[in-house]
Each structure stands twice: as structure tokens, then as C-alpha cells.
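Colleague: The following block contains the structure, expressed as C-alpha cells.
Read-outs: derived from the displayed coordinates by stated rules, not from any lab. What you are looking at is a predicted structure, and each value in this text was computed from that prediction instead of being measured. Neighbour counts are summed over all protein chains in view; Cβ atoms, including those assigned to glycine, are modelled from backbone coordinates with ideal geometry.
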Amino acid sequence: MRCWEIFRFEIAYQSRRVSTWLYFAVLVTLTYYVSRQIYIDNARRDGYFFNAPFVIAVMTFLGSMMGLLSATQLAGDAAARDVQTRMDPLFYTTPVGKTAYLRGRFLAAFILYAVILLAVPLGLLLAAVVPGPEAELIGPFRPAAYLGAYLSLALPNAFVATAFLFSIAVLSRRAMASYLGGLLLFSVVAFSRGFVAGTLEWWELAKLLDPFGMTVLGELSRGWTPVEKSTRLIGLQGSLLSNRILWIGIALGVLALTQLRFRMAHHTAGARRMDKTLSGGPLPHGRVPVPSRAGKQATFGFATHARQMLAVARESFQEIAMSWGGLVLAGIAALAAVSATQIEHMGVPLFATAERITAFLAAPLTSPQEFFGMMVPLFILIHAGELVWREREARLSEIIGAAPIPEWVCFLGKFVGLGLVLGALQAVMTAAGILVQVFLGHFDFEIGLYARILFGLQLPDYLLFALLALVVHVVVNHKYAGHLVVVIAYAFMAFGPALGVGHNLLVYGSDPGWSYSDIRGFEPFIAPWLWFKFYWAAWALLLAVAATLLWVSGRDADLGSRLALARRRFTRRAAGLATAAVALILTLGSFLFYNTNVLNQYRTASDGLAWRAEYERRYGQYKGIRQPELTGANLRVEIYPDRREAEIRGTFHLVNTGPDAIDSVHLAIKPAVHTMAVRFDRPVRNVLSDEEFGHRIYALETSLQPGELLQLHFEVHFKPRGFSNRGMDASVVANGTYFTNDAWLPAIGYQADRELRSAGDRRKYRLSARPETPLLDDVEARHGAGWAARIAFEAVVGTGEGQVAVAPGRLRRSWTLGRRRYFHYATDVPIRNHYAFFSAAYAVHEARWNDTSIEIFHHPAHAWNVDRMVRSVQASLDYYTQQFGPYPHGQLRFVEQPGDGVSLHASPVNISYEEGFSLLNPGADQRDIDLPFAVVAHEVAHQWWGATLTPAPVEGAAVLTESLAWYSGMQVVERTLGREHLRRLVGMMWQVYATPRTRAAVPLLRASDSFLAYRKGPFAMYALREYAGVGQVNAALRRLIERHGSGTPPLATTQDLYRELKAAIPQPLHYLLADLFEANTFWELATQRVSAKQTGTGAWQVTLDVRARKVVVDTAGVETEVPMDDLIEVGVFAEGKSGEPGEPLYLQMHRLRSGEHRITVMVASEPARAGIDPRNLLIDVEGDDNVREITRSGGQTR
Amino acid sequence: MEIQIRNLSKTYANGVHALKDVTLTIPRGMFGLLGPNGAGKSTLMRMIATLQEPDQGSIRFGDIDVLRQKEKVRETLGYLPQEFGVYPKVTGAQLLEHFAVLKGITNRRSRREIVDALLHQTNLYEVRNKKLGGYSGGMRQRFGVAVALLGDPKLIIVDEPTAGLDPAERVRFLNLLSELGEDAVVILSTHIVDDVSELCSRLAIISKGTILLEAEPLQAVAAMRGRIWQRVIEKTGLDEIRRAHSVISTKLLAGRTVVRVHSTTAPGAGFEPVEPDLEDVYFSTMTGHYR
């Protein structure tokens, strides 16, 4: 009964507060807005319903995260309000009893939060009902989906969160603690999903660790097909159930502990340590000299105000840094350090350069999806609120208000104090980063880089946000509503672009972005970044003036008197500052606008899509019309690194390869450059010049007869003017220039690759439906011109002194003219029309393989892997020329390009790699896998698979390039580094199965996505090699190149590969070939039990109980079991060194049918483990249950 | 230097009419502001202390316009609010130094001296390095006094300062105040009549937002002479007397009730004339019999 009264009063109390309903309203709005903005597009793209049960579940989860702020308020208030309002003696002396008191309050907070979370289904229903999305995006209304998500996600989350936050606040007797608890909960969720699951790939642990179930949903999101997302209900199944049970259990435990520890008693802070003298003496008797008589001590004026401001700043700093806040900061830094030690790529550690470490530490303020991207803004938000409310909560505001300090001193002091805390955070982060570098054995610290990134670039963002948070709290003048407004402002800053407000002039604090590269440095991004920051600093100044005008000194005041006071405070100085700020905003804003919208085109993402759609609408009619074919390009390229400009004059040699005359030439010009007038070597008429959509048509006065030649002269200028909203085009920079012909040079004919591809986008822009990739049996695509055609390439490239320019072909000559260096390149053998130009102050490492020269152009400081790369190139050339055919060029180059990625790109002769690849440190890889060696072998293989054999641009093309390149690279690894090394490499590639993913997919023959091309394809080829023998497989590949390697139509498809493989491998294995390539087959192989006993002869008899099954999964995720009568490898292994699998004692193919079987084999020495398909040759998602440790049976002893 | 308050009015958003056209002059020396709880004392004090805005009216302190030149006022203001807290995790000396800076005492050496002297004077020197969270109520009150005295204030406003003090401490505190009153305007708001009668050279009585009386205590008492009558009765007779006379106060004495009434003529049997005191002035004023 008493518990009920406590509960009733609390519910009534909170429901009378505006903020409670404000949260509800905000949550409805946010849910509605987010689901409309994000999930309509997602649904359109991925092909599930916009109101699919899965979407409802994800939004319910998101709602419980967004609602966390209200939960901290409700729980903190319910737990600590009595103590903070000093009502506790009245409550504690009633005969309620602590159990009823705590339960009533907790239940009320929980129920209120649960009610607020009802906003999510409400918002979702609204989103589904309000017209807008296409009818086919909206699935049937299923109450069970809403109910299930609410019961399995929202309610348990509310319970866990409330229990946790309530307990913290009760035990610490401070509502503030529940905010920190909220921060902690939030980080645990983000940490589980982002780091434990995302980075470490420990999904099982992460699913349990995550108190809100985000990781479970993350797994489903990857593992479910669109059909499943649309139809399956989220309930308490599988890992969600165990997660819920675990966390509700923990929550109950926490509550029980709280009840045990809580005392309904007066709390004396540190009473035990208090000194007895603290009772103090009374005021002295009689007259005492009043010190203030001693003369004028106080001085006033600017100097004093500055001192006072610093005193406030110091006090604010100490308050945050010496309290919980300091701990949180240290925690953030420690977590950052721990995560930064994990810098790696596919498990290969990276050299801990300052560039890498800072990239880890300096997550952008507005990237809440990144762990630290969320922590710091939350920290700022909470402490800004605390600082603004500090005096009033300590009930000191009247005394301070009566002190002779202007409002700006208070405001600025608090801002500087918070700024100092953030500066301290950056200092601690720097120290943490350097510690990580020491820990990882990298002693080139580059402290200057830390300073520039953490203090020069990141701190200003923090400061701008801190100022905004302070201003909001001052203006709103209600703590919780203030928090809410700051959160909304932050959400706008983070998601504004996603919600359609993408211009940096409109989103507080935003900028076009920057990136740092060892080669390129910060340029050219800093100038636009700075201009935008100045602009936002001017806004910040204006906001700060507003805040000082509305500053509440002394007591809470109503809006009317605050406005009246503001008018009075609006002195000439304030007016001057405000005017200056407005003038700055207008001046800088106009300058920025001039750059982003006048000098450059302002385009949103959807503008880009609309551009593509309109291009297709206008010029799609020219798709497939006969055009002359490019056979040669002669270029004169002038790169001016210092001016960040380039000019290209060139001649294209065209020929009519078709049977009919051609009367007009269509020329696609590129938006990144300015293309000047084009000349032909015969009279033409410029029929159309659509510069906006980059299409020109030239009618030939006399048509081009079959076999006839045509020369086209053009000139292209790259002269960026100012900067765009997205910043700078970094193609030409002071050091590290990189651009491709695809991006800059005119191209012949209609450009099909400009078309919108995704079905959803095409529908949205009312374009006719077509497959994303041309179908495998699209015969026309096999005859597509241009794509694979070979050209003779010749170029003279000029660049600044001290730089080396690189282009395809043999370097015929290089010379210096004035202050410029020139390089003359020409190919000896025609190449695909696909090349890039590079210019930087490279160091060149040269080597040879037979008559081929090997050159690595790298940043001088990035020499770690150069020898390794050369060894791999040599081994690769050796193997591929032997197996697949000759390498046509006299040189092979690897050229480093700016960028923090680790990707490489192979084009004929020249293979580019990003800086991140240079940082791979396989020497520190515990697993002993030489990934750079393997990747280089893979890229070299592209000279055959891609440059020589150019597949038709249809489904499966990526199998012919990427899968075959990986397969080839694997052979080189095995041949050079050994069979065991290859096993480790394949094991590493198998890691992809640790990430949950749906089994629904197209067969390999039709594969387009990267998982199939880079992983399943190589696995299939590897399995085939193990089953059929490397000689057979390589012979098939060699024949494929011989037949289709000329680059002339019809171009090769996976069907040609399939035909060659089928011809090469013995008929009994054709079933395997079909399973691997023609269908999306999965083997489900498991060893359930293995036992061994020693026979009288000393040999060992090993018995395996195994289970086998084979299913085919279609693209919708429908599984069909297919009969199995397959050759499966059975293996028995001896004890190995720690971590090693051990020597095989037995490894033979057995024929296995579906079902459970007992297999018995004899081995000569003592076995340790055994299983079926122990090397994971077959596609089996759960590959780790194939082999088991042997349990010794029959009472055998050693 | 005196304070001139003209036509000050304030109505709160919830409709409470806290001050109604208050006009008041407060000269140098101790000034007592008497009134029951909720009379508008604190509102008036906060307005003088620059912390609250009136809807209408003006306040001048010498040649300073208090409402417009807040900072000028604050440079010479010592304010001890009725209720205040402290930062619990900071020591007394630290917080007092902080306030000293905020009051414009930027010279480190003289700040030290002043802070030490004030700590001595308020007898907090021994506990100066203890955290404020551990201070008793009286110690906190004294700490507030120390803050109010920082920076040689010429205008000292103390709002119900003696509420938390024991009798002996109260006396000493009032002594301290009167000493300061020699050279400054000291406004003391209280509902304890004795505080005023012992110290103040002038007083004002405020009720429901209106100044009922503005006078010198001695003159006010003198003006009441011959008009206050007292009778000791049984409790049961009170109602009848209330009907018949202008009762200004009642109090219990040894189980019986002492009634005081206001009358220009002898009120009749049982009543005897008594020498008036300030309390009689206060209660007469409150009941509307004075003036």
C-alpha cells in the first residue's frame, strides 16, 4: 500500500512535468523522421518493406537508445530528488520502509520510461500511415511486429537501463550520477557492437555483452535476407533470449544490491574523517578590526575582469577535472589507447605511425556511430549543463550574482574552463597515443602531428560544440530541456546531411572535411576548413553575446524579465560585438557561398542521382550506336603541383571497326575538368554541346568509312577555383598527384556507367527497370566496344622539379627543362584504355626479373615492405609466365598514392597502392601470414586476369578477375612460402565467415559482390585444385587466356571459365564443379564424436561419428536439401605444437552420403584430433565443427 | 550615500503582487526591514542587491542607478542571502579566495591578508582548510558573512541573517554589523523585532508588498505611548475581548493569556496601561492601528 502510494505520487509528479511529455513528443517525431528519412531509402535499395518487422525492431532499439536521456532524468530524479531537495528527512522519517520506498520509486521510473518508449511504435505507425512512400514499399500491418519488438526490446531495455541508472543515483545520492551511468551504458552498447563485434569479430561475446541487444540486431541485419527481414518477427529467439535473461538477471542483482546498501539515514559526507575542530569557535567578542578599513583593495576594470574570468575558468576546470568527469576523461583516453593498440588490417598489425594512431584517436565530433565520436559530445553536453547550473544547484547563485562581475566573465569563464578540460583531454589523448606507439614499438612519434590534429583540428570542433551546449543551457534555462535541445542540435549536426540539410553553411560547426596523408600532408583541405571554422566561430561569437544577454545571475527568472534585462544589458559594447559578429557571418558567409555555389556547383547526393537520371533520359537513345573505336592516345600532360593545376593536350586515334559508315561522333566530357574545343582531322559540325551533362555530338561532314582512321585533338584543363561544399578536389596537389583517364579525359560514345544502377533509384527517378549488372547471358554486352579495346599509349608528362611523374609504358627519356622535369612514356604493346598519372617526390626502388624491370615508386618514409613486394613480384612473374602465358610488358611498377586506405588498384603495367598498404607490418603478425606478399601476388595476377583476359561487363566478371587473381596469388604463396603458409592464409580468408551474413546468394557464375568474388570464388578454385590437381586447373586457365586474351569480342564470361574447367577436370568431379559454380551450395559437415584406441599391434583405430548434409540456397534465402554422395576428405592428425594442427596421420577422400555415419580408420601413431573436410575445402559456413579432439575410449592408458 | 527607492512594483508570473508602489529612503547606518513571512522583504532586498528586476520604479544608491548600473553597485555591495549553499568539495579558504577575486581583489598579497583577516574575524581560521561540506549551519552562516564583508562594501544587505544562529552568536553578529553600519548602508531584513530595536537607527515595516511604516524606532515607540493597554485573562475570554477591542497581540504567560490592545482612551476594566515597545509598534502597524 505504501509502495503503491510512493509509486502513484511519483507517476503523478513526473506526468505533470512538461519535460516528460516533451521527451515523448520528441521521440515520436524522431522515430517518424528517422524511419522516413533513412528506412524508405534502405527499403527501396535492399528490397524489404519499409514497415518490415525487422525495421520495427531496429527502430525500437534506436528508440530505447534515444530515450536513454529521459531515462537518466526519470531514474536520477526518482532516486536522488529527495536528497537533493533536502526533503529526505521528511521522507525517511515516515514509516514507509526502504523496500517500499525504493520499489515504488524504481517501478515508477521504469513504467514512465516504458510509456515514453511507446512513442516508438506510435511514430512508426505514423510513418507507415502518412502518404509518401510508394505503395509497394509498405507491407501488411502486423500488430505482432510492434508488440514483439516492444516486449522483447523496449521493455527489457527500459528495465535494465532504469535499474542501472536508478541504482547509481540512489547509492551516490546524486542525480548527476545517473547521467554518467547513461553515458556508460551507451558506451557499453557502442563498444560491444562497434569494437567487440565489429573490429574483433567476437560476435558471440558481443551479443551477450551488449545490454540493449544492438549486436543481436546487427547480426540479424547481416544474416537475414530481405524476405526474412520483411516477414520474420523479432521475438525472444536464440541469442536475444539469452541476452535478455542475462541482462535482466544483472539488473535484478544490481537492484538487490542497491536495496541492501541503501540506508534511510542522514548522510554526512565523509563524517568519519571530519575533524573535531570543525565545530568551530563562535564569533569573537567585542570589537574586532574590520580589515576592509585598510584602504581600497578592490580594483575594477578590464584587467580585473580578465583575472576574474580566469578564476571562474579555473574553478570550472577543477570542478570537472577533479570529479567524476576527470575519471570519465581518463576512461575515454584509456579506452582509446586500448583500441588503438588494435590497429590492423585483416589481422595484420600496422606500423603505428602517428598518422594511424591519430586517425584512431581523432574521431570526428559528429560521427556518433564511432565510439569516441559519441563519448566526447556526450561528455561536453553533460558538463555544459552542470557548469551552467552549478551555482544555482549549490544555492550560491545569489551571492555570486551580487559580485561585481559582468555576465560575460561568468559565461566566458565557464567556456574557458570547459575548453581547458577538453584541451586536457587532447593532451591525455596525445600521451595515450604516444604510449600506444611505444607499446607497439614505433618510436617516430611525430608529436607535431598529434598537436596539429588533436589540438589544431579536433579541439576547435569540440570548442564550438561546447560553446553551443553552454549557450543552449543558458538560453533554455531548464536543465533537462536544455539537455534535450543540445541532443537535438547534435543530431542535426551529425545527421543534417542525411536528413537533407547538407550545406555546410547551414549545419553548425560543419566543414568540408579534411584528411591527412604522409605524402600529401593536410593540403589542400586546410584552407576551406579554416574558412568554414572562422564562419562558425563568428556564429559562436554571436551566440555567446546572446548568452551573456540572457544570462541568469542570481535567481531563476521568467522570460519577460530576462528579456527586459537583456535589453538593458545590450550596451554599446555588446551591440558592437554583435554587429561585428553579424558582419563577420555575412562577409564570411558570402565568401563561402561564392566558393561553394558560384565558383563551384553545389550538389547534394540526390542532385547527383538526378544528374545521372537526366543524362540517361537525354542521351540513352545513343546507347549502343556505332562509334569509332579508340586505338591510340598521344598525350602531353603538364602537371603544376604548386599551383594544383594541370593541362593536357592530346590526340585520340580512332578507327571505324564496324561494317557501316559512321556519320557522327559522340563525346562524353568529364565534370571534374574543363574540356576546351575539340578538333578533328576532317570537317565536323558541333551539333550539340551539353556541358551540364557532359555530352557533345560532332557530325562528320564526310562520314567515316569502315576501316578509316580519324584523329581527335582535345585539350583538358584542371584548374579548380576556390572550393566546393565538399572541399577540394585533391587530384593535383603539391605532392602526391593522382588522376585517371576515366576521370578527366573525354570518352567516346554514350557512357552507360553514368546510369543509375540500383533498382530503387531507377524506380525513384522513373527510369525503365534493368538488372544492376547485365545478365550473364547478355550477348550484346559481350560485344561491347571500348571496354576491353587495346590502345597504343604515348605520353610526355611534365611536372615540378624534385618530382617523378609516372604513366604506363616504357620510360623512353626524361629531361629537365627550366624548373620542370619531363618524362616520356610509351607502351611497347597495346594496353587497355585504363590508366593513371602520378607525380610525387618518390623514392624509386628498382629490381629485375629476367628482362622485366620492377620498380616500386614509394614515399621515402614508407620503405618497410618494398623488398617484400619485389620478392613477390618476382615470384609471381615467374609462376604466372610459366602457367598462364607471357607478360607482355618490359616493366611492372607499383606506385604509392596518397590515402589512408589499404587498397591497391591494378591497371596495365602500373599498379597503384594506397599509403595504408605501406604500413602493413606482417613481421609483427602473430599468425605468421605474409599478407603484403600475397596481395602483391594477387595484383600482379591482374596483369593476366583483367589486363590480358578482360571479361565481358556482365555478371560473374569479378570472378574472372578477382577470384582468379586470388587463386593465382595463393599458388605463388604456396610455391614461395610453403604449403603451411598457404593454409594460414586461407584460414585468415575464412575469417569472413565469423561475420554473420545471409546464405542467400546467386551462384558463383553470376557473382558480382565482393564477398563472392574475393572469398567464395577463391575458396571454390582452391577446393577444385585440391580435388582435381593444380595441373588440371591451371591448364584450363591457360586455355582460357589463349582463347580470350586478345581483348577482342566476344569477351569472356564465367561460362567460358566453366567450360574450360569442365574440359580439364575428370568427369567424376563434375558434380563438384556444378556445386561450386552453378548453384549456391552449402555443405553442412560436422564431426560429432571421435574416439581412438590402440590395437594389439600398436596401431590406433580411430572412430569418427559424422553428420553430412548438402543444401542449395536461392537468392531469396529458400533452402533446399539436395542428395549428397560426395567425396569428402577424412583426416586424422597427430598432436601439434601449441596452436598448430599437427601432422596428418591420415588424409583420404571418402565418399559420403547425407546423414549420420561412422567412419573407422587405422593410423600408425597416436592421434590427437580427427574430422571430415578438415581443411575446409568445401563451402561450409560453420567450418569449425569439422574437426574434434579425440577422446580416448575403452579404458586405454598410456 | 543613501538609497532612494521610488514607486517600486513587482508582480510575479503566478499573479503574486510582491511589491506595490514601494517608496522608501534608506540612509547610512543600520536599517531594519521588518515584516512577516511573504511580505516582500526578500524581493525588495534582491532588487536592491541587483538580482531581480522590478516591473516599475527606480532605485538609486547615491548617484548610482541600481537597476541600470548593476556592476557599479556590485563593486561595493556585500550581500548575505536568506538561504545559500556552498560548494561542498572546496575548502573554506579556497572558496573565500575565489570570491575575493570575483569581488575584484586581484592583488594576491592583499587578497591573502584580507581573506585571513576575515577568516579570523568570523572565527573560521582554524577550519579554513576543511571542506565546506563538513561545516555546521552556523559556520556556513559565518562563512556567508565573510563573503559579504569582502571588498569593503558600502552597501550591505543581509536577509534574515540571525535565523540560524544561537542567541550568543546572534548578539555578536549584530555587533559586527553595527560596527560596519558606521560607514555604510546596512539593510537588515528580519521578522525578529528585537534585532531591529537593538541596532537600527531607522526601520520600515512591510506587509503584502506595501510599506506600512517608515520611522526611527525610538520615535515610533514614543508615539505609541499611552495607547497600549494590557490585561491578563483566561484563554476562554479571548474571543469576547477581540470583539470589543483592537487587539494587537496576545501571548501566553504561565498558562494565562496576556492581551495587548491599542486604544487612545482607557479601554475599561481590567486593562492597565503599559509602556510600549517596538513590538507594539510592529503589531499595531500590522493590524492597522498605527497611523
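Colleague: Using 0.36 nm per residue, how much length does the chain from residue A:37 to residue A:534 gain when fully extended, once their Cα-Cα distance is taken away?
Modeller: 175.8 nm
Colleague: Right, here's the next one. For segment A:188-260 and segment B:193-259, what is the centre-to-centre distance using only Cα atoms, to the nearest Å?
Modeller: 74
Colleague: How much length would be gained if the chain were fully extended between residue A:173 and residue A:1181, taking 0.36 nm per residue of separation minus their Cα-Cα distance, in nm to one decimal?
Modeller: Using 0.36 nm per residue and subtracting the Cα-Cα distance, I get 357.8 nm.
Colleague: With +1 assigned to the C-beta of every Lys and Arg and -1 to the C-beta of every Asp and Glu, and no other charges, what is the dipole magnitude of chain A about the Cα centre in debye, to the nearest 20?
Modeller: Around 4340 debye, computed over chain A.
Colleague: While we're here: Return the loop-located GluC sites (Glu not before Pro) in segment B:185-291 (DSSP other than H, G, I, E, B) with at most 10 other Cβ atoms within 10 Å of their own Cβ; answer none if there are none.
Modeller: Answer by residue number: B:234.
Colleague: Here's a follow-up. Under the rule of at least 5 residues apart or a separate chain, name every residue whose amide H is placed under 5 Å from the amide H of residue A:1129.
Modeller: Under 5 Å from the amide H of residue A:1129: A:1150, A:1173.
Colleague: How far is it, in nm, from the label point at residue A:1158 to the one at residue A:1008 when both lie 7 Å from their Cα along the line to the Cβ?
Modeller: Using points 7 Å along Cα→Cβ, the separation is 5.1 nm.
Colleague: Please report the spacing between the Cα centers of segment A:578-656 and segment A:751-793 in Å, no decimals.
Modeller: 22
Colleague: I want the local charge near residue A:947. Using Cβ-Cβ distances under 11 Å, sum +1 for each Lys or Arg and -1 for each Asp or Glu among the other residues.
Modeller: That sum, taken over residues with Cβ under 11 Å, equals +1.
Colleague: Modelling each spin label as a point 7 Å along the Cα-to-Cβ direction, I'd like the residue A:204/residue B:242 distance in nm, to one decimal.
Modeller: Label at residue A:204, label at residue B:242, 8.3 nm between them.
Colleague: Which whole-Hz couplings ³J(HN,Hα) result when phi for each residue of segment A:1169-1184 is put into the Karplus expression 6.51 cos²θ - 1.76 cosθ + 1.60, θ = phi - 60°, listed in order with x for Gly and Pro?
Modeller: Ordered by residue, 3J(HN,Hα) equals 8, 7, x, 10, 6, x, 9, 6, 6, 8, 7, 9, 4, 9, x, 8 Hz.
Colleague: Do the sum for chain B: with -39,500 (n - 2.57) for every DSSP H run of n ≥ 4, divided by all residues, what is the mean residue ellipticity at 222 nm, to the nearest 500 deg cm²/dmol?
Modeller: -9500 deg cm²/dmol
Colleague: Based on DSSP H runs of at least 4 residues, each adding -39500 (n - 2.57), what is the mean residue ellipticity at 222 nm of chain A after dividing by all its residues, to the nearest 500 deg cm²/dmol?
Modeller: Theoretical 222 nm ellipticity from helices: -14000 deg cm²/dmol.
Colleague: Also, I was wondering about something else. Please state, as a whole number in µm²/s, the translational diffusion coefficient that the Stokes-Einstein equation yields for segment B:16-123 at 4 °C and 1.567 mPa s, with Rh defined as the Kirkwood radius across alpha carbon pairs.
Modeller: 79
Colleague: Just tell me how shielded B:104-115 is by partners: mean number of partner chain Cβ atoms within 10 Å of each residue's Cβ, no decimals.
Modeller: 4
Colleague: While we're looking at this one, here's another question. Whole-Hz Karplus ³J(HN,Hα) for segment A:1099-1107, in order, using 6.51 cos²θ - 1.76 cosθ + 1.60 and θ = phi - 60°, x for Gly and Pro?
Modeller: Once θ is set to phi - 60°, the couplings for segment A:1099-1107 become 6, 10, 9, 10, 10, 10, 9, 10, 9 Hz.
Colleague: Looking only at other chains, what is the average number of their beta-carbon atoms within 10 angstrom of each beta-carbon in B:70-80?
Modeller: Per residue, the average neighbour count from other chains is 5.
Colleague: A further question on this structure: Over all residues in A:564-575, what is the mean tally of Cβ atoms on other chains that come within 10 Å of each residue's Cβ?
Modeller: Per residue, the average neighbour count from other chains is 1.
Colleague: Need the C-alpha centroid separation for segment A:855-883 versus segment A:1018-1085, integer Å.
Modeller: 28
Colleague: Sorted by average packing, counted as other Cβ atoms within 10 angstrom per residue and highest first, what order do A:121-127, B:247-253 take?
Modeller: With the highest mean Cβ count within 10 Å placed first, the list reads A:121-127, B:247-253.
Colleague: If the cut-off is a Cα-Cα distance under 18 Å, which lysines reach residue B:251, setting aside same-chain residues fewer than 8 apart in sequence?
Modeller: Those lysines meeting the cut-off are B:235.
Colleague: Pull up all non-local amide H partners of residue B:33: gap of 5 or more, or a different chain, and H-to-H distance under 5 Å with H placed in the peptide plane.
Modeller: B:188, B:189, B:190, B:204
Colleague: Can you work out the Karplus-derived ³J(HN,Hα) for every residue in segment A:425-439? Use 6.51 cos²θ - 1.76 cosθ + 1.60 with θ = phi - 60°, whole Hz, and x for glycine or proline.
Modeller: Residue by residue, segment A:425-439 yields 4, 5, 5, 5, 4, 4, 4, 4, x, 5, 4, 4, 4, 4, 4 Hz.
Colleague: Which Rg and Dmax, in Å, describe the Cα atoms of the protein assembly as shown?
Modeller: Spelled out, the Cα radius of gyration and Dmax of the protein assembly as shown are 41.7, 143 Å.
Colleague: Of all GluC sites (Glu not before Pro) in segment A:684-758, which ones are in loop regions per DSSP and have a Cβ with at most 15 other Cβ atoms within 10 Å?
Modeller: Sparse-neighbourhood loop GluC sites (Glu not before Pro): A:691, A:692, A:708.
Colleague: Among all the lysines, which ones have a C-alpha under 20 Å from residue A:229's C-alpha, if same-chain residues fewer than 8 places away are not counted?
Modeller: A:207
Colleague: Pick out, from A:843, A:818, A:799, the residue whose Cα sits farthest towards the positive end of the charge dipole of segment A:799-933, with +1 on the Cβ of Lys and Arg and -1 on the Cβ of Asp and Glu.
Modeller: Working it through, the farthest residue towards the positive pole turns out to be A:818.
Colleague: According to a simple spin-label model (label point 7 Å from Cα along Cα-to-Cβ), what is the distance in nm between residue A:1116 and residue A:568?
Modeller: About 7.5 nm separates the two model spin labels.
Colleague: Here's something else I'd like to know. Past 24 Å, Cα to Cα: identify those pairs from B:70/B:154; A:479/B:131; A:479/B:130; A:670/A:719; B:41/B:130; A:414/A:533, in the order given.
Modeller: Where the Cα-Cα span goes over 24 Å, the pairs concerned are A:479/B:131; A:479/B:130; B:41/B:130.
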